[in-house]
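This report concerns only the one structure given below.
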Amino acid sequence: MGTNNGGGRPPRSVEAWWCKVARTANADECWLWTGAQRGARVRYGSYGTTTAHRWGYARLVGPVEPGQLVCHTCDNGLCCNPAHWFLGTHRDNNEDMAAKGRSPSGAAHHASKLTQAQADTIRADFASGEIGVVALARLHLVSHQVISRIVRGESYLAKQC
């Protein structure tokens, strides 16, 4: 049939799903999805496609609520080892990435327009109450969303002592 980028038929059972996972005897290792490799996606009934680990989580661990992600402690998107999965939001996943140093953000990001020193100044100026988000955005030639993320501590994280 050739390469199947759409994920193919949905697995008819958990056993059929496991046939596409390269398990090892070591439960600490990643068990990689060997099925369609386009983002490790599988067909999900009449609902379209989902990731192999999300499909597996829903059947092996428990329900995945709307808005939740199946994240990986191993940071390997093809990993289907249930011991490596945890549920979280996009924010949880991003914070996990940042805590592990895998996600350049703030001044380290390639598209950054501000330095860490500017972000620290923005945070201090905003905290003083003398200047608002929109004025800071105009002053630094960035969007008010960028300033909002800085003052909320979501970007250009403040240095920890």
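Show me 50-59, 78-87 ranked by packing, highest mean number of other Cβ atoms within 10 Å first.
Highest to lowest by the protection proxy: 50-59, 78-87.
Residue by residue through the stretch 57-68, what is 3J(HN,Hα) from phi via Karplus (6.51 cos²θ - 1.76 cosθ + 1.60, θ = phi - 60°)? Round to whole Hz and write x for glycine and proline.
4, 4, 9, 9, 10, x, x, 10, 6, x, x, 8
Could you give the length gained on full extension between Ala25 and Leu157, defined as 0.36 nm per residue of separation minus the Cα-Cα distance, in nm?
Between Ala25 and Leu157, full extension yields an extra 43.5 nm.
Since every read-out is calculated from the coordinates, none of them should be taken as a lab result. If you're wondering where the values come from, they're calculated on a predicted model, not measured in any experiment. Don't worry about glycine lacking a Cβ; one is built from the backbone with ideal geometry, like all the others, and counts go over all protein chains shown.
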